[in-house]
Amino acid sequence: MGFKLVTLNLNGIRSAATKGFVEWAEQAAVDCIGVQEVKAQAADIEGRFEQVAQMPGYFHFAQKKGYSGVGLYTRHQPSDVIRGIGVPEFDDEGRWVELRFDKPGRKLSLISCYFPSGSSGEERQQAKFRFLAAMAPRLQALRAEREFILVGDLNIAHREADLKNWKGNLKNSGFLPEERAWLTQLLDPTQGGLVDVYRRLHPSTTDECYTWWSNRGQAYAKNVGWRLDYHLATPALAEHAHLAAIYKQQKFSDHAPLTVEYGFSL
């Protein structure tokens, strides 16, 4: 028994659907897809995207139209659905949906999360720092009580190996020292204690690891990319991960789907 989990920033579910996302999902034969940047409201999803590949979706939409929003499509019935992190500033932006699959003797969550981007200017960068400050204790508290895998677009490249032009981006959002330090702390076994699953399986890839490419210039054609999409897991679940793959044969958005196969079942 295995469990296949995908993360994909759609950059708009309606846009991604026109590029073959739904057909790909049907063929991919996965157990769960975490999506980010749905850029839709409940009315847009209704009758079109409530299910993908026979999997019902659970969403957290932004109040603002055409903005943010996350979802999880799953073959398995959750025991509980939690939307938001309890911080109104970010909950209004639709950034967290958590599905719990609890049963006697086990507490387990899957989370789709979309971290803010700070690239549009200082105001959004400050919002991103506030989000990171709220997220660290939230994830620690969660880890203290349950196993979980968080998938999503973190809008942070952790190491120099995680983006093509790291020297030119040292002062840019997504590769700022403070953002990288936050992630280092989260992944420190003595502190945040979470595991970067892709890096556990592929500790040294560079050009192959990218999941996002700018629409400017020839970034995709030249593979001038960033690794912004992650599976972050508690150590016990990360141990079960045995295969990670980034799908680049088709392009549904400016991000590529990252699929990880785990050796456990819900």
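Here the chain is treated with +1 on each Lys and Arg Cβ and -1 on each Asp and Glu Cβ, and its dipole about the Cα centre works out to around 320 debye. Our estimate of slack between E123 and W166, defined as 0.36 nm per intervening residue step minus the Cα-Cα distance, is 13.2 nm. Taking amide H as placed 1.01 Å from N in the peptide plane, G94 has its amide H under 5 Å from the amide H of Q63, each at least 5 places away in sequence or on another chain. Of the cross-linked pairs K19/K248; K39/K128; K171/K248; K128/K164; K222/K248, those separated by over 21 Å at the C-alpha level are K171/K248; K128/K164.
Here region 102-121 is scanned for amide nitrogen atoms under 15 Å from the site 7 Å beyond the Cα of Y67 along Cα-to-Cβ, giving 115-121. What are the ³J(HN,Hα) couplings of region 87-104, residue after residue, when phi is run through the Karplus curve with 6.51, -1.76, 1.60 and θ = phi - 60°? Round to Hz, x for glycine and proline. After applying 6.51 cos²θ - 1.76 cosθ + 1.60, I find 10, x, 3, 9, 5, 5, 9, x, 10, 8, 10, 10, 10, 9, 10, 8, 8, x Hz. Cut-off under 26 Å on the C-alpha distance; same-chain residues fewer than 8 positions from K107 excluded. Which lysines are left, in chain and number order? Within the straight-line limit of under 26 Å, K107 reaches these lysines: K4.
Write down Rg/Rh for the chain, rounded to two decimals, with Rg from the C-alpha atoms and Rh from the Kirkwood relation over Cα pairs. So for the chain, dividing Rg by the Kirkwood Rh gives 0.93. For N9, the residues 5 or more places off, or on other chains, whose built amide H falls under 5 Å of its own are Q36. The mean accessible area for residues of region 1-110, using a 1.4 Å probe and ignoring ligands and nucleic acids, is 43 Å² per residue. A helix-only calculation puts the chain at -6500 deg cm²/dmol for mean residue ellipticity at 222 nm, using -39500 (n - 2.57) for each DSSP H run of at least four residues, averaged over all residues. Once the Cα-Cα distance is subtracted from the 0.36 nm per residue extended length, the K222 to A43 segment shows a gain of 60.6 nm. Counting only protein heavy atoms and a probe of 1.4 Å, the accessible surface of region 5-112 is 47% carbon and sulfur.
Distance between the 7 Å Cα→Cβ label points at A245 and Q77: 3.1 nm. Projecting label points 7 angstrom from Cα along Cα→Cβ for Q51 and Q191 puts them 4.5 nm apart. Couplings 3J(HN,Hα) of region 75-86, computed from phi: 7, 10, 6, x, 7, 7, 10, 10, 10, x, 10, x Hz, in residue order, whole Hz [Karplus 6.51 cos²θ - 1.76 cosθ + 1.60, θ = phi - 60°; x for Gly and Pro]. Farthest towards the positive end of the charge dipole of region 144-238, among the residues A161, Y198, L186, is the Cα of A161, using unit charges on the Cβ of Lys, Arg, Asp and Glu.
The values are calculated or read from the model by the stated rules, or taken from the named source; none is laboratory data. Quick caveat: nothing in here was measured; it's all calculated off a predicted structure. So basically every Cβ, Gly included, is an ideal-geometry build from the backbone, and we count neighbours across all protein chains shown. Areas reflect the complete protein model, heavy atoms only, side chains present, ligands, DNA and RNA absent. Shrake-Rupley method; radii C 1.70, N 1.55, O 1.52, S 1.80 Å.
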